[in-house]
Structures are given as C-alpha cells and as structure tokens.
1. Only residues that are loosely packed, with under 14 Cβ neighbours inside 10 Å, of a type outside the set (V, I, T) and either farther than 22 Å from W105 by Cβ or modelled with pLDDT of 95 or more (or both): list them for region 181-202, please.
2. For region 2-84, which fully contained helices (runs of 4 or more DSSP H) count at least 3 residues that are of a type outside the set (F, W, Y), crowded, with 16+ Cβ neighbours inside 10 Å and in contact with a helix residue (DSSP H, G or I) (Cβ under 8 Å, 6 or more places away or on another chain)?
3. Can you pull out the residues in region 86-122 that are touching a Phe, Trp or Tyr at 6+ places or on another chain (Cβ under 6 Å) and surrounded by fewer than 24 Cβ atoms within 10 Å (Cβ to Cβ)?
4. What number of residues within region 147-169 are of a type in the set (V, I, T) and either under 12 Å from G118 (Cβ atoms) or assigned to a loop (DSSP other than H, G, I, E, B) (or both)?
5. Across region 5-57, what is the number of residues that are among the hydrophobic types (A, V, I, L, M, F, W, C) and at pLDDT below 95?
6. Between residues in region 57-80 that are in contact (Cβ under 8 Å) with a residue 40 or more places away in the chain and residues that are loosely packed, with under 13 Cβ neighbours inside 10 Å and in a helix (DSSP H, G or I), which pairs lie under 9 Å by C-beta distance while being six or more apart or on different chains?
7. From the list D143, D134, D165, which residue is under 17 Å from L111 (Cβ atoms), surrounded by fewer than 14 Cβ atoms within 10 Å (Cβ to Cβ) and not β-branched (V, I, T)?
Amino acid sequence: MTLAQIEALADGHCLAVLGGFATNAEDALPEGTRTLMLLGPREPGFWPHLTSQPEWDGTPDPVDRWSRRAITDIAATLGATPLFPFGGPPWQPFYQWALRTGRAWESPIRLLVHAEAGLMVSFRGALALPEAIDLPTATRPCDTCAGQPCRTACPVSALGAQGYDLAACHGHLDAPAGKDCLTSGCVARRACPLSLAYARMPQQSAYHMGQFHR
C-alpha cells in the first residue's frame with residue numbers, strides 16, 4: 001500500500017492525509033502498528049459532502065457519526081485500525097500525534113497550525129497501519145509568516161502565547177461583538193494566511209462554533 005493509494009481512498013470521503021509518523025514500541029497503539037496517519041477535511045468541498053450524507057439527519061453528533069463510518073470504511077480496506085478524537089474517555093492524544101508528523105506545529109497562539117490547513121486544521125480520525133509508509137514533512141510556516149497576524153487578531157486577547165483564556169472567549173461570544181466569530185469562525189484562526197487559502201466554508205465554522213458555545 002502506498003501513500004497515494006491511501007490518499008485516494010481518503011479523497012473518496014472528502015478527507016485528506018494531514019500527516020503521519022512511524023510508531024515505536026512506547027506508543028500506546030494497536031499491536032502491529034508501524035505507521036499512524038491522521039485524517040482531516042479535504043478542502044474545498046468537505047462541508048457540502050458531509051451535509052449530503054445520511055448522518056446529517058437532525059439527530060445528535062452527525063459529524064462524529066459520519067467520521068466513524070467513513071474512516072472505519074477506509075480502515076477496513078487497508079487492514080488498519082481506526083482511531084478517533086471523540087468517544088472518550090480515554091481520549092486519544094491527537095495533539096501530540098500531530099506534532100510528531102512534521103506537518104503540524106504549535107502556533108504563536110498555542111493552537112496547532114498545519115502546513116496546508118493553517119489554524120483551520122482539524123482531525124476526524126487516524127489510521128493505525130501495519131505497514132511502514134514514507135511520509136513527507138514540511139517547514140513550520142510561522143517562522144516565515146510576516147507579522148504573525150494571529151497574535152493580535154483576537155479582540156479580547158483570549159488566544160496568545162500565555163495559552164487559551166476560555167472564559168474571555170465565551171464572554172466575547174455572548175456579546176454582540178462576538179457575532180462575527182460565531183457566524184464565520186474564530187477571527188484569530190482566520191487571520192492565519194494559510195487558513196485563508198484553505199477554503200473552509202463559513203457554514204462549517206459557524207456549525208462548530210455553535211457546538212463549542214452552546
């Protein structure tokens with residue numbers, strides 16, 4: 001199995017391989033795992049695809065239910081084990097896994113930033129594969145980002161090098177001034193030049209912001 005073949009399977013579900021890494025004996029992964037691959041939305045087109053699926057039926061957790069079905073289907077074809085960032089506890093360490101891929105890093109505001117998706121990166125699941133697969137790495141984009149606009153974009157300074165001030169964020173979203181973040185997505189995430197280029201639809205951001213702030 002090659003990376004290109006796995007990417008083609010993921011693409012059939014409007015997912016992308018956002019990175020991966022060779023595992024070691026210390027990783028708490030299914031026995032026989034040699035490579036872990038992280039999957040996330042493939043843009044453009046992810047949100048129209050997702051909202052056309054049978055899970056988008058008005059019942060709870062449509063994104064997670066669809067993710068489980070789609071990624072389990074990919075895993076079955078590959079002889080892999082599917083893993084998910086939901087359904088815990090225990091929770092899988094997706095943040096730490098992402099850092100090991102060489103395609104995602106801690107940003108100046110502490111959120112993950114991805115080589116292509118920027119601050120809009122999200123993971124719908126992972127594949128624990130029994131094969132060793134060569135995977136590309138990249139250079140941390142923040143190191144050459146002029147001005148690093150994410151640092152100053154949040155109007156209430158909820159995101160910064162000091163970490164995430166959750167109370168300040170929710171307080172802003174409760175106020176009329178927070179409408180833009182609620183309807184179009186976090187302004188700090190959108191300030192990232194890579195995020196702007198990733199074509200994430202405002203409707204998707206609005207849905208997730210609504211789930212976060214309910």
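The values are calculated or read from the model by the stated rules, or taken from the named source; none is laboratory data. The model shown is predicted, which means the values in this text are computed figures rather than measured ones. Neighbour counts are summed over all protein chains in view; Cβ atoms, including those assigned to glycine, are modelled from backbone coordinates with ideal geometry.
1. Scanning region 181-202 gives a single hit, P202.
2. It comes to 3-11, 62-78.
3. F94, R100, T101
4. Total meeting the criteria: 1.
5. Filtering region 5-57 down to residues among the hydrophobic types (A, V, I, L, M, F, W, C) leaves 6, 8-10, 14-18, 21-22, 25, 28-29, 36-39, 46-47, 50, 56.
Applying the additional criterion that residues be at pLDDT below 95 yields 25, 28.
Within region 5-57, residues that are among the hydrophobic types (A, V, I, L, M, F, W, C) and at pLDDT below 95 number 2.
6. As it stands, the answer is V63/Q211; L78/Q5, since those pairs meet every condition given.
7. D143
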